Amino acid sequence: MLIRLSAVLSLSLTLASLASAATVINAPIDELAKNSQVILHGVVQHVDDHLADTRDGPFLTAIDLEIIEGIKGVDTTKEETFRLVLPGGRAFDRIMRIPGMPRFSVGEEVVLLLEKHSRGYALAGLGLGVFKIERRGNLAIARRDLRGMHLVDAKRPSTGRLGSSPTLESLLDTLRAHGGVR
């Protein structure tokens, strides 16, 4: 009886933690790159999370990026900045947060993989499509923040494997190779 109660409690706690998480298929980097219409390396210049028109929303956040390199779908000879509008934000006395949706800060260096949809662009795989760059001297490390996400393994073979924290250069090389450009 005690074992059953323990199993039920464990399952209940697991399900409760998943309730506040987005379930996302853990797609390999080569697949994300191939399916993305835009891949860019940039620096966050401005974040505006007050884009709700009414008390009931829609709640949106705009992120303006200075483009360092357009890897796919961005013509850097014509565009120096890129605006991304994502769901979630705040207005009046309300805040809307999307589980698995990364937050951005001014000055952050990022690599984004974006998919086109009817109202603009969405992050490919939520946090899977966002790499935040941490610089340590001459070394630049690309990290994903997967908090708020429950990753489901699709058990698909992949040719584009990345370590958990690749260098910026190895990430960019992988994205160039699998993004269909160059």
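The values are calculated or read from the model by the stated rules, or taken from the named source; none is laboratory data. It should be emphasised that the depicted structure is a prediction, and the values quoted were computed from it without experimental measurement. So basically every Cβ, Gly included, is an ideal-geometry build from the backbone, and we count neighbours across all protein chains shown.
Inclusion of Gly127 among residues that are over 19 Å from Leu51 (Cβ atoms), under 15 Å from the mean Cα position of the chain (by Cα) and assigned to a loop (DSSP other than H, G, I, E, B) is not warranted. Restricting Gly179, Gly125, Gly148, Gly107 to residues that are small (Gly, Ala, Ser), at pLDDT 85 or above and out of contact with any Phe, Trp or Tyr (no Cβ under 9 Å at 6 or more places or on another chain) narrows the list to Gly107.
Looking at Val130, Val110, Val106, just one residue is farther than 18 Å from Arg176 by Cα and of a type in the set (A, V, I, L, M), and that residue is Val106. Close contacts from region 31-49, counting a first residue that is more than 17 Å from Phe82 (Cβ to Cβ) and a second that is assigned to a strand (DSSP E or B) and not small (Gly, Ala, Ser), with Cβ to Cβ under 6 Å and a gap of 6+ residues or different chains, come to Leu32/Leu113; Asp49/Thr61; Asp49/Arg90.
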